[in-house]
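What follows is calculated from the coordinates using simple rules that are stated; it is not laboratory data. Owing to the predicted nature of the structure, the values given are computational and were not obtained by experimental measurement. No Cβ is skipped: glycine too gets one built from the backbone with ideal geometry, and neighbour counts run over all protein chains shown.
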């Protein structure tokens with residue numbers, strides 16, 4: 001049967017003009033899963049699925065450009081026209097502390113009741129919304145961050161979240177049909193921040209992992225998408241595309 005992946009947000013760091021921060025919608029015959037929900041991604045999600053139509057949410061890490069629209073999503077679900085079950089949530093350690101930190105103390109417990117927060121055991125598959133999900137730790141500086149391998153019906157997607165080059169990135173991407181990999185920086189800049197990748201490095205990881213298609217995401221808004229594609233293609237001979245809001249890929 002396969003499944004579909006739709007780009008909700010592809011911008012790194014902050015939403016570029018007309019764009020949103022990280023977010024991906026995974027859909028199959030059984031359910032809908034969202035992976036990351038950064039600034040602006042919720043508005044794009046609601047073009048495809050109602051707030052009560054989600055079967056799960058998986059967050060790679062607790063930087064605002066990957067999770068902040070959880071507040072709008074949970075508000076919609078809490079005050080929906082009928083009672084909605086708590087939303088299964090995969091997230092790194094200490095996610096609840098980060099999520100509740102900007103909320104008034106008296107509302108934190110009630111807000112978290114709208115979520116079914118599930119701990120992640122690295123390398124152990126979990127089933128959510130009809131998908132099998134395996135998480136491994138990323139290399140994103142001092143913050144806990146995850147790389148997800150998501151599969152169904154023999155089709156595999158690896159989503160890097162934010163990460164530096166590391167063994168887990170290649171392991172999670174190994175043989176994936178689609179590798180959604182961060183490419184925050186291009187050769188337009190000389191140095192990059194720790195915990196992120198050049199587009200050429202995303203290509204190197206794709207080549208080592210032997211993926212089918214490399215989809216570049218999390219590009220810094222002021223950098224060139226054409227340059228990101230050129231850089232990645234210099235190190236990966238397979239199919240390379242640049243993520244854009246609304247893009248849908250069938251697997």
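Here residue 224 clears all of (1) under 20 Å from the mean Cα position of the chain (by Cα); (2) within 22 Å of residue 40 (Cβ to Cβ); (3) in contact (Cβ under 8 Å) with a residue 24 or more places away in the chain except the condition numbered (1).
For the structure I just gave you, tell me whether residue 187 is touching a helix residue (DSSP H, G or I) at 6+ places or on another chain (Cβ under 7 Å) and either touching a residue at least 40 places away in the same chain (Cβ under 8 Å) or within 21 Å of residue 21 (Cα to Cα) (or both). Quick ask: steps written out before the conclusion?
Details: touching a helix residue (DSSP H, G or I) at 6+ places or on another chain (Cβ under 7 Å): yes; either touching a residue at least 40 places away in the same chain (Cβ under 8 Å) or within 21 Å of residue 21 (Cα to Cα) (or both): yes.
So residue 187 fits the description; yes.
Residue selection: residue 165 satisfies the criterion of being touching a residue at least 24 places away in the same chain (Cβ under 8 Å) and either assigned to a loop (DSSP other than H, G, I, E, B) or out of contact with any strand residue (DSSP E or B) (no Cβ under 7 Å at 6 or more places or on another chain) (or both).
This table checks each residue for (1) surrounded by 19 or more Cβ atoms within 10 Å (Cβ to Cβ); (2) assigned to a loop (DSSP other than H, G, I, E, B); (3) in contact with a helix residue (DSSP H, G or I) (Cβ under 8 Å, 6 or more places away or on another chain); (4) touching a residue at least 24 places away in the same chain (Cβ under 8 Å).
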site: 24; (1), (2), (3), (4): yes, no, no, yes
site: 42; (1), (2), (3), (4): yes, no, yes, yes
site: 49; (1), (2), (3), (4): no, yes, no, yes
site: 52; (1), (2), (3), (4): no, no, yes, yes
site: 72; (1), (2), (3), (4): no, no, yes, yes
site: 76; (1), (2), (3), (4): no, no, yes, yes
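Evaluated against (1) surrounded by 19 or more Cβ atoms within 10 Å (Cβ to Cβ); (2) free of Cβ contacts under 8 Å to residues at least 40 places away in the same chain; (3) on the phi > 0 side of the Ramachandran plot, residue 203 falls short on exactly one condition, (3).
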